[in-house]
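Take a look at the structure set out below.
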Amino acid sequence: MAEPVVLSETGPDPAGLAVSLRGVTKVYDSGVAALGPIDLDVRKGEFVSLLGPSGCGKSTALRLIAGLNAPTSGTVRVARPAVEVSGGHAVGFVFQEPTLMPWTSVRENVRLPLKLAHVPPGDANARIDAALAQMGLAEFAEAYPRELSGGMKMRVSLARALVTDPDILLMDEPFAALDEITRFRLNNDLLTLWRDLRKTVIFVTHSVFESVYLSQRVIVMTSRPGRISAEIAVKTTEPRAEDFRTSVGYAACCREVSKALAPSYPGQSAT
Amino acid sequence: MTSLQTPLMAAGRATPDGSGWRLVRVLLPVVVLAVGIAAWELVVRLNNIPPYVLPAPSAVFVTLVADWPVLSQSLLTTLLTTLEGFAAAAIGGVALALLFNQSKWLEYSLFPYAVILQVTPVIAIAPLLLIYLSQQTAVIVCAWIVGFFPVLSNTTLGLNSVDRNLAGLFQLYGASRLQTLRYLKLPAALPFILGGLRIAGGLSLIGAVVAEIAAGSAGAGSGLAYRIAESGYRLNIPRMFAALLLLSAAGIVIYGLLALTSHLVLRRWHESALGKEN
């Protein structure tokens, strides 16, 4: 087995890359080959979707980038921010579930990353208020997670990821459990955030329509072991808004992505 | 018509949520108690049963009032023992669970002995303890032995029930072990710890009583259990009942206080403390 090598850039990457994976594989202790080898480059400020069937390793890839798991072999490079902010963090992570602490208020949930980084309360409060306002949560600061709807909980989760002002936002099927209207609204809010804050976003999803609507580039993955099978650029005039959803270009792109995805679902004919 | 009405009424009964139903829930046990006491009194009076066989409730009550100076002193002693045993069980149980959670080595080496201590009947251990320890200490140790295991096992369960994604989040933000323990594991385990404490409260009383009875037969002590044993030897049956009544009341109060604490602490977030409708 190859020696696992993990490098972490300490300065701004000269090539303008936010994330770079080279020959990355992941084999779990159970012997299941979950991923790779895969190569993937994500430019700074880019919005990339990882699309594929369940078990194709897209979540695994995200966890490797976040540093939650170590790769079995290969290198994972994540650019560190040029200017270190106190309590800043290179990556923000949004899970499929809101993953909030039920025992405390929305404000304290958003405070968590800053508290763990020992940011002084005065500084922290201003940043928490800003993050809450950004996600339209200002009135719900003192509410408890269980008092909120699924969509609102996901907003809290996003606010928590944004409070450290990360350069890279990793999102693991964050809106999969929400109803369609709420998902569309959060899609639009996410696009606005991405445009305004110039973050790099890597978005894992199993929805063709969501991936095309959101991202500049769709990475299609196949399962067992997870590999990249296709890469499709979504060309459209920015900024996107709700009318993009019904445009001819959108439909054409969805068709192209669906076709690329079809071989990942054996036994189902491509249409 | 009747065939239509019956299911409607049944449905009304099946969803007990009105304030009327709450009143019924409080009133029913009270009525049962009143009827039971009245029947007991009647049986004793009609059959002229002597008090040394079965005292009437009124006789028990009279004894309770007449012997209050002695009984209240004993009640205080037993309550103090229970409280000390409970405090030791709570602190010991939580502390041991925290240690086990930090070190698997400690857990694997010590946990079996915690189980052995728990499954060996305390009534059998008490006489031994009374040989080696002063009586007061022995009684507290007994209360501790019975009480600490539910706290230990519940806290361990709670500490291991932390949401995996939340744990991942703490890891992502570089939380230290202490931070993870303080901000994640302990709050997540709180409902389990409180559940353990609720069991331990009742068990500490049992432990104290068992040890007092064991000690009482050795000739010393002044707790309620000792009063029961002593009154038994003297055929002072009404006083036995009065002491038993006090023990029972003490158990109810301990349980009620712990349940109330648990409710107040968890009411804003935990399912167990929330109303059905929200």
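Here, each number is a calculation from the coordinates, and none is a lab measurement. Quick caveat, the model's predicted, so the values are computed rather than measured. So basically every Cβ, Gly included, is an ideal-geometry build from the backbone, and we count neighbours across all protein chains shown.
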Original post:
Taking only the alpha-carbon positions of the protein assembly as shown and ignoring solvent, what does the Debye formula give for the base-10 log of I(q)/I(0) at q = 0.05, 0.13 Å⁻¹?
Top reply: -0.36, -1.26
Original post:
To the nearest 20 debye, what charge dipole does region B:56-273 have about its Cα centre, counting +1 at the Cβ of each Lys and Arg and -1 at the Cβ of each Asp and Glu?
Top reply: 460 debye
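What is the extension gain from B:S134 to B:R268, computed as 0.36 nm multiplied by their sequence separation minus the C-alpha to C-alpha distance, in nm to one decimal? Walk me through the intermediate numbers first.
Details: separation 134, 0.36 × 134 = 48.24 nm, distance 4.50 nm.
Working it through step by step, the gained length comes to 43.7 nm.
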**OP:** Quick one: of A:K44/A:K259; A:K235/A:K259; A:K44/A:K153, which pairs are farther than 19 Å apart, Cα to Cα?
**Re:** A:K44/A:K259; A:K44/A:K153
Subject >> Viscosity 1.306 mPa s, temperature 10 °C, Stokes-Einstein D of region B:172-213 from Kirkwood C-alpha radius, µm²/s >> reply: 126 µm²/s
Original post:
Around A:F93, with a cut-off of 11 angstrom between Cβ atoms, what is the net charge of the other residues, counting Lys and Arg +1 and Asp and Glu -1?
Top reply: +1
Original post:
Any idea what % of Cα-Cα pairs in region B:208-265 are farther than 13 Å?
Top reply: 63 percent
Original post:
Summing -39500 (n - 2.57) over the DSSP H runs of n ≥ 4 in chain B and dividing by its residue number, what mean residue ellipticity at 222 nm do you reach, to the nearest 500 deg cm²/dmol?
Top reply: -27500 deg cm²/dmol
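Taking DSSP loops as anything outside H, G, I, E and B, show the longest stretch in chain A free of GluC sites (Glu not before Pro) there with at most 14 other beta carbons within 10 Å. Don't jump to the answer; show the numbers that get you there.
On the way: sites that count: A:E84, A:E142.
Answer from the scan: A:143-271.
Remind me, relative contact order of chain B in percent, using alpha carbon pairs under 8 angstrom and six or more residues apart?
Details: 291 pairs, mean separation 66.9, N = 278.
Once normalised by length, the contact order is 24 percent.
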Original post:
Scanning chain A for helices, which whole DSSP H stretches are 15 Å or more long along the axis (Cα) and average -0.5 or more by Kyte-Doolittle?
Top reply: A:106-116, A:121-134, A:150-162, A:180-197, A:248-261
**OP:** Determine the principal axes of the Cα atoms in chain A, then give the extent along each, sorted from largest to smallest and rounded to whole angstroms.
**Re:** 54, 48, 37
Original post:
Cα centroid distance between region B:109-177 and region B:229-275, in Å?
Top reply: 22 Å
**OP:** Would you mind checking the pairs A:K199/B:K104; A:K26/A:K115; A:K58/A:K199 and listing those with alpha carbons more than 30 angstrom apart?
**Re:** A:K199/B:K104; A:K26/A:K115
Original post:
Whose amide H sits under 5 Å from the amide H of A:V204, counting only residues 5 or more places off or on another chain, with H placed in the peptide plane?
Top reply: A:L50, A:M171, A:D172, A:E173
**OP:** Express the Stokes-Einstein translational diffusion coefficient of region B:56-273 in µm² s⁻¹, to the nearest whole number, given a Kirkwood radius over alpha-carbon pairs, 37 °C and a viscosity of 0.692 mPa s.
**Re:** 173 µm²/s
Original post:
Rounded to the nearest 500 deg cm²/dmol, what is the calculated helix-only ellipticity per residue at 222 nm for chain A, with -39500 (n - 2.57) per DSSP H run of length n ≥ 4?
Top reply: -10000 deg cm²/dmol
**OP:** Name the residue farthest towards the positive end of the dipole of chain B from the options B:V122, B:A87, B:P55, assuming +1 on Cβ of Lys and Arg, -1 on Cβ of Asp and Glu, about the Cα centre.
**Re:** B:A87
**OP:** On a C-alpha basis, how far is the centre of region A:123-153 from the centre of region A:169-209 in Å? Whole number, if you could?
**Re:** 18 Å
**OP:** Give the cross-link partners of B:K185 among the aspartates and glutamates, using a straight C-alpha distance below 13 Å as the criterion and excluding same-chain residues fewer than 8 apart.
**Re:** B:D163
Subject >> Antiparallel DSSP beta bridges within the protein assembly as shown, percent to nearest 5 >> reply: 45 percent
Subject >> Candidates per GluC sites (Glu not before Pro) in region B:222-278, loop by DSSP, up to 11 other Cβ within 10 Å >> reply: B:E277
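Take the alpha-carbon positions of region B:177-278, form their convex hull, and give its projected area averaged over all directions (one quarter of the hull surface) in nm².
Working: hull surface 38.4 nm².
Projected over every direction and averaged, the Cα hull of region B:177-278 covers 9.6 nm².
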Original post:
What length, rounded to one decimal in nm, is gained on full extension from B:D163 through to B:L27, with 0.36 nm per residue of separation minus their alpha-carbon distance?
Top reply: 44.8 nm
**OP:** Please get the size of the charge dipole for chain A, origin at its Cα centre, with Cβ charges of +1 on Lys and Arg and -1 on Asp and Glu, quoted in debye to the nearest 20.
**Re:** 400 debye
Subject >> Quarter of the Cα convex hull surface for region A:211-271, i.e. its orientation-mean projected area (nm²) >> reply: 4.4 nm²
